[in-house]
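I have placed the structure first, in the form of structure tokens, so that the comments after it can refer back to it.
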Amino acid sequence: MCGRYALGVRLAYIQQRMQEQGMQVDEAPDDDAVRETFNFAPGNFGAVYRAEITDKESYNAQQDADSEHQTQDLEKGKDNTVIKYKLQSMKWGLIPFWTKRQPDYGSMMRTINCRDDSLIEDSGMWTTMKRRKRCIVVCQGFYEWLKKGPGGKEKVPHFVRRKDGELMCFAGLWDCVSYEGMSRLF
């Protein structure tokens, strides 16, 4: 399970590459919203691609008169909904919505990865997210630790990337939490 990955490109580049691959991007933050680094660690803000589903009435109420025509460009979902695909900056390390205070670094580290077998069960902290809060985490590659030396005590980072050098995508789960006096944290 990966504990570090690489993302050394700007969001504008990610948006361009996704659109060239036929992935619709309706909204994206400024380039400085995501940290560019080849040593991306838990707690950093990275690039995530997700769908935002809104009912049509709420969506139209949020739009200015000048941007009303944008509704026609967005995908229409079931039951009178509007689907907007967005690139977004999210913090690596899940903080569930029911959390009362910001966790320390050690607590956050326990939720940076999810084993696939824990998603099969309909219990646990992943249950509320696995059906409706899925996303794609974008990167250039990730690191795995190879055990070397006598007894495998020495750990050496090994970088895994696509052979063609294109961006990689991981399956992800997300949540959003609001602490008193702070903006929403994804």
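The values are calculated or read from the model by the stated rules, or taken from the named source; none is laboratory data. Owing to the predicted nature of the structure, the values given are computational and were not obtained by experimental measurement. Neighbour counts run over all protein chains shown; Cβ positions are idealised from the backbone, glycine included.
Which residue pairs have Cβ atoms closer than 8 Å, lie 6 or more positions apart in sequence or on different chains, and pair a first residue in the stretch 17-31 that is within 14 Å of LEU167 (Cβ to Cβ) with a second residue that is of a type outside the set (Ser, Thr, Tyr) and surrounded by fewer than 14 Cβ atoms within 10 Å (Cβ to Cβ)?
From residues that are within 14 Å of LEU167 (Cβ to Cβ), the pairs are ARG17/GLU166; VAL25/GLN19.
Which residues, taken from the stretch 32-69, are among the polar types (S, T, N, Q), at pLDDT below 90 and loosely packed, with under 15 Cβ neighbours inside 10 Å? Walk me through it before giving the result.
Quick first cut of the stretch 32-69, residues among the polar types (S, T, N, Q) only: 37, 39, 44, 54, 58, 60, 62-63, 67.
Retained after the next criterion (residues that are at pLDDT below 90): 44, 54, 58, 60, 62-63, 67.
SER58, ASN60, GLN62, GLN63, SER67, listed by residue number.
What's the number of the condition MET108 fails, among (1) at pLDDT 90 or above; (2) within 16 Å of the chain's Cα centre (by Cα)?
Of the numbered conditions (1) at pLDDT 90 or above; (2) within 16 Å of the chain's Cα centre (by Cα), the odd one out for MET108 is (1).
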